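Since the structure comes first, as structure tokens, the remarks are kept for the end.
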Amino acid sequence: MPKKLIILSIILLTGILFLELINKNIQNNSTYQLNNKTYYKVNLKPNNYFSSDTIDANKYYIAASIKSIDIYFDYYLKNKTKDNINYAYDITATLKSYADNGTKLIWTKDFHLKNKNNINKKEIHIKENYNLDYDYYVNYVKSFQIYYNINTENYLDVKLNIKINGEYNSYVLLTIPINENIVEITMKEDNTSLNNNIKNNNLNKIISFIFIVIAIVLLISKILFQKDNEEDILKAYQDIIISLQDKPNINSNNIIYLTNLKDLISIAINNNINIFNYYNNYYTIIYNTYYIYIKQIKRHN
């Protein structure tokens, strides 16, 4: 038993340390330090009506007055672990034209504005400034409408796309109406892919955690509660077991049947006596009391 206690203690200590390590890793990975400071401002064409040549974000703009839009991408993401993050990013613009009051998408056109690949750092910090020529996209849409002689509802989606450890998503999206008299620019963040990546990582760690707990419990149960193999027990204590050639004559009324071979061996060792064996019957005698264990024979079908 002392040997088993030593093994059990080692297993428990190793399991506790390993589970604690996983638990801390889950806590450290449960959130990212995320900060997006992306913003924009609208530059105006020369005019006699506005006192400034720029207008800040989150306003309404007269389309005919817009010269360009300065977009400042300032995106920061840090993993709380010490591992590096492998990432790439690009800035794209996509023209979208809709028919039937914006219900049917009939045409798209992609423009690649900037890109950087294979960056490996402990954190992501993207600082990019892009001057968007608004008239260029207005004229592009006009030429499309003239060519097909149709009226469409049009939008320009400007996106910061980031690929983090193989997961790809458009994290920052600006939607700019084209060919409307009054322009309202909307900006939103989409961290769906990042959040899914966090959930998947945590789910994998939790599953690993559960399997480790189950493995430890099963191992402990096996060590503490499994019955030792009878053949191994017999070999270990063969020096106190005497095999009989003739069937013993047991006449005593004091017979105690045991269900465990180890119990019989304990009785023999504690009383410093031998165990007798006749075929599958093992017994010992103490003061005219017979302690008998009958070995069960496994039958094979």
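The values are calculated or read from the model by the stated rules, or taken from the named source; none is laboratory data. These figures come from a predicted structure and were not determined experimentally. Glycine also receives a Cβ, built like all others from the backbone with ideal geometry; neighbour counts cover every protein chain displayed.
Here Y98, Y137, Y72 are screened, and the one residue that is over 33 Å from the mean Cα position of the chain (by Cα), surrounded by 14 or more Cβ atoms within 10 Å (Cβ to Cβ) and in a strand (DSSP E or B) is Y98.
A search for C-beta distances below 7 Å between a residue of the stretch 126-137 that is closer than 17 Å to Y89 by Cβ and any residue that is acidic (D, E), counting only pairs 6+ apart in sequence or on different chains, returns K127/D74; N129/D70. L77: buried (at least 16 other Cβ atoms within 10 Å of the Cβ) and either farther than 30 Å from Y148 by Cα or of a type in the set (D, E) (or both), yes or no? The answer is yes for L77.
Of L105, L160, L113, L156, all but one fail to be within 36 Å of the chain's Cα centre (by Cα), surrounded by fewer than 17 Cβ atoms within 10 Å (Cβ to Cβ) and in a strand (DSSP E or B); the exception is L113. Checked against (1) crowded, with 17+ Cβ neighbours inside 10 Å; (2) under 24 Å from N35 (Cβ atoms); (3) of a type outside the set (D, E); (4) at pLDDT below 95, K188 passes all but a single condition, namely (1).
Right, K142: outside any strand (DSSP E or B) and either assigned by TED's automatic domain parsing to the domain that holds I71 or at pLDDT below 90 (or both) or not? I'd like the intermediate steps shown before the answer.
Numbers: outside any strand (DSSP E or B): yes; either assigned by TED's automatic domain parsing to the domain that holds I71 or at pLDDT below 90 (or both): yes.
Yes; evaluated as a whole, the condition is true for this residue.
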